[in-house]
1. Report the FRET efficiency, 1/(1 + (r/R0)^6), for residue 56 and residue 125, where r is their Cβ-Cβ distance and R0 is 41 Å, rounded to 0.05.
2. Against the empirical 2.2 N^0.38 Å scaling, what ratio does the C-alpha Rg of region 39-163 come to?
3. Tally Lys and Arg at +1 and Asp and Glu at -1 over the other residues with C-beta under 10 Å from the C-beta of residue 114: what net charge comes out?
4. If you take every residue apart from residue 102 with its C-beta less than 12 Å away from the C-beta of residue 102, what net charge results, scoring Lys and Arg +1 and Asp and Glu -1?
5. Compute the separation of the alpha-carbon centres of region 110-163 and region 30-49 and state it in Å as a whole number.
6. Please list the equivalent ellipsoid semi-axes of region 76-145, computed as the square roots of five times the alpha-carbon gyration tensor eigenvalues, in descending order and whole angstrom.
7. How much length is gained if the chain between residue 112 and residue 136 is pulled fully straight, taking 0.36 nm per residue apart and subtracting their Cα-Cα distance, in nm to one decimal?
Amino acid sequence: MNIKIISIVSSLSVLLFFVSILSVVKDKGDYHYLKTRLETTKSYTIDVINTMPEDDFGFQPSEELRSFKALACHTIYSIEWNMELMKEKPIKWEPGDENRYSKEELLNYANEQFISLQTFIDNVKENPELTDKIIDVLNHNAHHRGQMVTYLRLKDIVPPDYK
């Protein structure tokens, strides 16, 4: 009988421990669950940009479309612009000449902006409005990254495997 009571009390203690851990995680209200998604988005976006040879960075499928370089710049600049919006310090949309970066500069810019986004998200409290904005950034990135993959295919370049 005593062993059954000890067993029940032990089981309840373990259960209460896990419930308390879950409530702390839930109440923390952070974006820890996005860390892997953001790292994957960063890695894949940089891989796609890096796959296009620098000699082909100016590739433009038609006159009315951006060059690969401009498309990549637009994609990365939008992270910077959206972060300021999320910080409630909106800036005017002024990407400048989207063809101004070399491949190395664009890859560095992309890396910096993704690190800034991760740092920002690591230091804010989760809320529905901010979550919507973060999802918008990820969707916008995926949309234009898909276009960049199409540009690679038009150049007969095998894009990196989807992550």
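1. Working: r = 43 Å, r/R0 = 1.06.
Here the calculated transfer efficiency is 0.40.
2. On the way: Rg = 14.6 Å, N = 125, 2.2 N^0.38 = 13.8 Å.
Expressed relative to 2.2 N^0.38 Å, the Cα Rg reads 1.06.
3. On the way: positive: 42; negative: 39, 112.
Local net charge: -1.
4. Details: positive: 69, 100, 103; negative: 54, 55, 104, 105.
So the surrounding residues net to -1.
5. Taking the Cα centre of region 30-49 as reference, the centre of region 110-163 is 7 Å away.
6. Details: eigenvalues 97, 33, 28 Å².
So the equivalent ellipsoid measures 22, 13, 12 Å along its semi-axes.
7. Values: separation 24, 0.36 × 24 = 8.64 nm, distance 1.92 nm.
Length gained between residue 112 and residue 136: 6.7 nm.
Any read-out appearing in this document is the output of simple, stated calculations on the displayed coordinates, not a laboratory observation. Note that the structure is a prediction, hence the values are computed from the model and not measured. Methodologically, a virtual Cβ is constructed for each residue, glycine included, from the backbone with ideal geometry; neighbour enumeration extends over all protein chains shown.
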